[in-house]
1. In segment 156-183, what residues are under 18 Å from Val90 (Cβ atoms), in contact with a Lys or Arg (Cβ under 9 Å, 6 or more places away or on another chain) and open to solvent by less than 30 Å² (accessible area, probe 1.4 Å)?
2. Just wondering, is there one or more residues in segment 215-223 that are closer than 15 Å to Leu97 by Cα, among the small types (Gly, Ala, Ser) and more than 15 Å from the chain's Cα centre (by Cα)?
3. Quick one: in segment 204-215, which of the residues that are out of contact with any His (no Cβ under 8 Å at 6 or more places or on another chain) and at pLDDT below 90 is most open to solvent (accessible area, probe 1.4 Å)?
4. If you go through segment 130-164, how many residues are basic (Lys, Arg) and farther than 24 Å from Ile16 by Cβ?
5. Taking interchain pairs and intrachain pairs at least six residues apart, which have beta carbon atoms under 8 angstrom, with the first residue in segment 120-136 and open to solvent by 90 Å² or more (accessible area, probe 1.4 Å) and the second at pLDDT below 85 and charged (D, E, K, R)?
6. Checking Ile150 against (1) open to solvent by 20 Å² or more (accessible area, probe 1.4 Å); (2) under 12 Å from Leu95 (Cβ atoms), which single condition isn't satisfied?
7. With respect to Leu45, determine if the residue is modelled with pLDDT under 85 and open to solvent by 50 Å² or more (accessible area, probe 1.4 Å).
Amino acid sequence: MTTWLNMSLQDGASPIMEQLVFFHDHVLMIMLMITTTVSYMMITLIRNKQTSRFMLEGQMIETTWTIAPAIILVFIAMPSLRLLYLMDEVHNPSLTLKAVGHQWYWSYEYSDFTKLEFDSYMIPQEEQQESTFRLLDTDNRIVLPMNSPIRMIVTAADVLHSWTIPSLGVKTDATPGRLNQTSFSISRPGILYGQCSEICGANHWFMPITIESVPAKYFINWVSKMSE
């Protein structure tokens, strides 16, 4: 999770988020090169006191500054389109989780199991322990197996919400009467935090999301315990 005064992105906990961080750095380097080149040319032209009649028109330089941005856009567009397709594809998910947004809590249903559903509320501040995070921990955590493709179905029961986990690179709107689908795979064990990122009312920041990523055998034991 992010920390105080952290200006960078969160560490990626899924292959998609790792690719998003790489794409961010890739575009940032291109922007840095463009900014450096344009700044150098502007400073050079401002400080240059000489004039030349050959600078009044130049077919070669006009051709160059028309083709060069097109080539740069190709270098940005190709990895961007690849990421868009990867984020939309759902290949043989091993587990389906449905999230329903309410004011001001989330309901979860494990569609592959019978009678495995629960509500997830934020832990009140007076009931928090030293090991919990304020406004981020919930009374019922989502338990998911790591290294498994997860299909996420998101909807809402009242108003617009948004199911968001920054470290997974997942942000899906929860719309009443509509089922939105996304997928992800958690690459490491741990606890991941998120919040409702849609302005769905005065208390929308009191809808935290807590995912506990565990190995497959621990997930099976948790499912057996919850189904009793």
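1. Trp163, Ile165, Thr182, Ser183
2. No, because not a single residue in segment 215-223 is closer than 15 Å to Leu97 by Cα, among the small types (Gly, Ala, Ser) and more than 15 Å from the chain's Cα centre (by Cα).
3. Checked segment 204-215; the qualifying residue most open to solvent (accessible area, probe 1.4 Å) is Trp205.
4. 1
5. Gln125/Arg134
6. (1)
7. In short, yes.
Table: residues versus (1) hydroxyl-bearing (Ser, Thr, Tyr); (2) under 30 Å from Ile191 (Cβ atoms); (3) not assigned by the TED database to the domain that holds Ser80.
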| position | (1), (2), (3) |
| --- | --- |
| Ser8 | yes, yes, yes |
| His24 | no, yes, no |
| Leu28 | no, yes, no |
| Thr35 | yes, no, no |
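The values are calculated or read from the model by the stated rules, or taken from the named source; none is laboratory data. As the structure is a prediction and not an experimental result, all values here were calculated from the model. All Cβ positions, even for glycine, are placed from backbone atoms using ideal geometry, and neighbour counts span all protein chains on display. The protein model used for the area step is the full one, side chains on, heavy atoms only, and it has no ligands, DNA or RNA in it. Shrake-Rupley method; radii C 1.70, N 1.55, O 1.52, S 1.80 Å.
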